[in-house]
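Report on the following structure.
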């Protein structure tokens, strides 16, 4: 359902209404926790907007993207041919390497609630030592899921809720570096976590 919906919606991220600054400040904050060095970044639900790519490259990162929408992948490939792209469901996609940086901006909340914990553990397990994971979520006090058609086609949303998110981060052995309601009064929550660096 999500892939088909975003095939229809893909062009919205290329029109004059879309705010290209959305999420940039949080990306910069997340990247500030990385040690200098080269490596790979994974953009989960990468979409067709490539606005974050220059920021990742400035930090020495090669970019890999995964999206369930074929149209999003087509547009992303046109906009930035230097990204390694995969049309796939991140839940089934085999992680090929450790990543210094993983981003899931406005994407994993489309995964059904029953699969969110498993997916978050999978992504945090893919972090290299010292690696950083930024994601957005519904900032509710408890787990919740719903479907709405505010953008046109029906789209599902779910969140583990703030206590559930903190629990799964702790279970994954990661540390919260930043947590912010970045679009108040909306319950849009941005979280930055980091895998501890390897012992010297």
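The values are calculated or read from the model by the stated rules, or taken from the named source; none is laboratory data. All of these numbers come straight from a predicted model, not from anything done at the bench. Using ideal geometry, Cβ is built from the backbone for each residue, glycine included, and neighbour counts are taken over all protein chains shown.
Of the set (1) in contact with a helix residue (DSSP H, G or I) (Cβ under 6 Å, 6 or more places away or on another chain); (2) closer than 25 Å to residue 2 by Cβ, all apply to residue 122 but (1).
Of the conditions (1) surrounded by 13 or more Cβ atoms within 10 Å (Cβ to Cβ); (2) touching a strand residue (DSSP E or B) at 6+ places or on another chain (Cβ under 7 Å); (3) modelled with pLDDT of 95 or more; (4) farther than 21 Å from residue 23 by Cα, residue 196 satisfies every one except a single condition; which number is it? The failed condition is (1). For segment 68-91, a tally of residues being within 28 Å of residue 197 (Cα to Cα), in a loop (DSSP other than H, G, I, E, B) and over 15 Å from the mean Cα position of the chain (by Cα) returns 1.
Applying a threshold of 6 Å to beta carbon distances and a minimum spacing of six or more residues, or different chains, the list of pairs starting in segment 15-28 at a residue that is farther than 17 Å from residue 193 by Cβ and ending at one that is surrounded by 13 or more Cβ atoms within 10 Å (Cβ to Cβ) and modelled with pLDDT of 75 or more reads 20/51. For segment 170-193, taking the residues that are buried (at least 19 other Cβ atoms within 10 Å of the Cβ) and within 15 Å of the chain's Cα centre (by Cα), the one that is farthest from residue 29 (Cα to Cα) is identified as 189. Among the residues of segment 31-67, those that are part of a strand (DSSP E or B) and within 19 Å of residue 21 (Cα to Cα) comprise 43, 44.
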